[in-house]
There are 2 protein chains.
Amino acid sequence: MKVGVIMVNYKNPKELRLTIRKGDYQDQTVGLCPGFVQTNLVILPSKYAIDFAAFCVRNPKPCPLLDISSPGKYNTYLADGADLRTDLSKYHIYRNGKLESVCNEVKSIWRDDYVCFLLGCSHTFEPFLLSAGIPLRYQEQNIHLSLYNTNIELFPVGPFKGTVIVSMRPIPKEKVAQATVISARYPRVHGGPLHIGNPSLIGVDLDDQYVGDRVNFLPGDVPVFWACGVTPQHIALKVKIPYMITHAPGHMFVTDFLAEDIG
Amino acid sequence: MKVGVIMVNYKNPKELRLTIRKGDYQDQTVGLCPGFVQTNLVILPSKYAIDFAAFCVRNPKPCPLLDISSPGKYNTYLADGADLRTDLSKYHIYRNGKLESVCNEVKSIWRDDYVCFLLGCSHTFEPFLLSAGIPLRYQEQNIHLSLYNTNIELFPVGPFKGTVIVSMRPIPKEKVAQATVISARYPRVHGGPLHIGNPSLIGVDLDDQYVGDRVNFLPGDVPVFWACGVTPQHIALKVKIPYMITHAPGHMFVTDFLAEDIG
């Protein structure tokens, strides 16, 4: 992941989305447009839409719903003129719980019964941690953020049930309280941590990532776990929903809303 | 409204729900089970469910979604063993935007395509205001809380569009900041005020209530306006959704969750 390179580009979300739409940017969005809300994307046939919406509403910590489209629509109130079929830099298409293909747009396969869900992403609050002098080890080490599965059960709805996926960031022990307070200011992008400290208490083995890389801890670092917006995708895959489109990890949708706008 | 009388009864939400279910309590729930989350109820045919869910998600301040049922279901994760068809003390049934009937249960008219929506209610944070010595004039004056329509436009979705309904409480001017801070701790029951002071700035005439009574101001009181969970009902009526069931104003659903539980 070329974090160091991409962070200097694209201050304006609309410009970024149009560049992606034209096919001129296909890399990750982590670190782009700092301060603006980035979201996860899940697209499901309308048959599953109400149960999926209910699942997110019942589990707001891992699944903070920021928008739902009307069936067949691909716009969002979070971004002027956006087209959710083309304005993300990479999509995953899953069939019966298996990755079928990876693509740069889903306009060509769009159907009138698709419903889009946008969910807050914890990358949104990272610039605020950095501004407060809280280091992000995965960025320093130029690797992907570590995600883990846990033993924390979600409230089930219809076919959707399972456990929470978390992101883990090593935080210097004297900065843990500050990282908690800062992230808690943004409940709609996962808010404060779900767990701090001993990974085994939530069923996590740090050597067994769900997605991402094994990050190195520096002396005095404590593992801090935040609920992750990959959770609903994970659940939909696990219960083998017949057809689902999502953003590719790290390739989020970048909105026009500042983190402060969505309270 | 017999606030003074009912506030001393029913500390336990489950006991209250069962009493209501048996038909032994038919009064308002305002002030009952202090500390526990009370919710507004909207029941719609599943045809409208996704657009209504999206409307709530896009407008979280007036429409904080706390739960959605699967089509045909009437349970909720917010209350053990609850039946949303019988556990509220009064229901309103609307047809084409007009009140058709008022009843004490909707089990006898239940259909398999109904979807229940529970929305946070600002009465939930009132005990915390009272604990901080902030007076509630409508309770002192033994009248109904004043609700007003405003000129604040909501983000539209499908057929749902219109303006925010607010509740208004006169607050002594030296207590306004404290009332703001306390209510803001509970974003899922409307959180902090939408507006403080001059009513005309949000299109409100204090003599023209949408629902409720005209409250008397004491010297030094400032009008403070909170987004109100009656908003989505108001919108569904205004756009003449063919069929809708709601709680009657003041007759909320009382959950097992403490306000602190739902963050």
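No lab work stands behind these numbers, since they all come straight from the coordinates. Remember, it's a predicted structure, so these values are computed and weren't measured experimentally. Positions of Cβ are backbone-derived with ideal geometry, glycine not excepted, and every protein chain shown enters the neighbour counts.
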*Give the cysteines in chain A for which no other Cys Cβ lies under 4.7 Å away, or write none if there are none.*
A:Cys33, A:Cys103, A:Cys116, A:Cys121, A:Cys228
*Using helices alone, what [θ] at 222 nm do you get for chain B, with -39,500 (n - 2.57) per DSSP H run of 4 or more residues, divided over all residues and rounded to the nearest 500?*
-5000 deg cm²/dmol
_Given the rotation that superposes chain A on chain B, what residue of A brings its beta carbon nearest the axis, and what is the distance in Å?_
A:Ala53, 2
_For segment B:1-124, alpha-carbon Rg and Dmax in angstrom_ = 14.6, 42
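Based only on other Cβ atoms within 10 Å, what is the fewest-to-most ordering of B:Ile182, A:Ile109? Display every interim value, and only then the final one.
Working: B:Ile182 18, A:Ile109 13.
In increasing order of surrounding Cβ atoms, one gets A:Ile109, B:Ile182.
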_Extent along principal axes [Cα atoms of chain B; Å; largest to smallest]_ = 53, 40, 32
*asked:* List the lysines whose Cα sits under 29 Å from the Cα of A:Lys14, skipping any in the same chain fewer than 8 residues away.
replied: A:Lys2, A:Lys22, A:Lys61, A:Lys73, A:Lys90, A:Lys107, B:Lys61, B:Lys161
*Report, largest value first, the span of the C-alpha coordinates of segment B:40-185 along each principal axis, in whole Å.*
51, 33, 29
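In µm²/s, what is D for the protein assembly as shown at 4 °C and 1.567 mPa s, where D = kT/(6 pi eta Rh) by Stokes-Einstein and Rh is the Kirkwood radius from Cα pairs? It would help to have the intermediate numbers written out before the result.
On the way: Rh = 24.1 Å.
Reported coefficient: 54 µm²/s.
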*Across the identical copies, how the B:Asp261 labels are spaced - nm, sorted shortest first, 7 Å along Cα→Cβ*: 3.5
*Write down the Kirkwood hydrodynamic radius of segment B:150-263, to one decimal in angstroms, obtained as one divided by the mean of 1/r over all alpha carbon pairs.*
15.8 Å
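Assuming R0 = 35 Å, what is the FRET efficiency of A:Glu174 and A:Ile143, from their Cβ-Cβ distance, to the nearest 0.05?
Values: r = 24 Å, r/R0 = 0.68.
Computed FRET efficiency for A:Glu174 and A:Ile143: 0.90.
Averaging sequence separations of C-alpha pairs under 8 Å and six or more residues apart, then dividing by the length of chain A, give the relative contact order as a whole percent.
Values: 596 pairs, mean separation 80.1, N = 263.
Computed over chain A, the figure is 30 percent.
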_I need the Kirkwood Rh of segment A:20-65: take the reciprocal of the average 1/r across all distinct C-alpha pairs and report it in angstrom._
13.2 Å
*Exam field: A:Gly197 pseudo-label spacings to other copies (7 Å along Cα-Cβ), nanometres*: 4.6
*asked:* Can you find, among A:Cys116, A:Gly192, A:Gln38, the residue sitting farthest towards the positive end of the charge dipole of the protein assembly as shown, where Lys and Arg contribute +1 and Asp and Glu -1 at Cβ?
replied: A:Cys116
*So what is the relative contact order of segment A:1-122, in percent, for Cα pairs below 8 Å that sit 6 or more residues apart?*
33 percent
*Inter-copy spacing of A:Val181 label points, which lie 7 Å from Cα along Cα→Cβ, given in nm from shortest upward*: 1.4
_Förster radius 51 Å - calculated FRET efficiency between B:Asp205 and A:Trp110 (Cβ-Cβ, nearest 0.05)_ = 0.60
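Return an integer: the convex hull volume of the alpha-carbon atoms of segment A:105-205, in Å³ per residue. Could the numbers behind the result be given before it?
On the way: hull volume 16.1 nm³, N = 101.
That works out to 159 Å³ per residue.
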*Can you give me the three principal axis dimensions of segment A:216-263 from its C-alpha atoms, in Å, biggest first?*
46, 31, 19
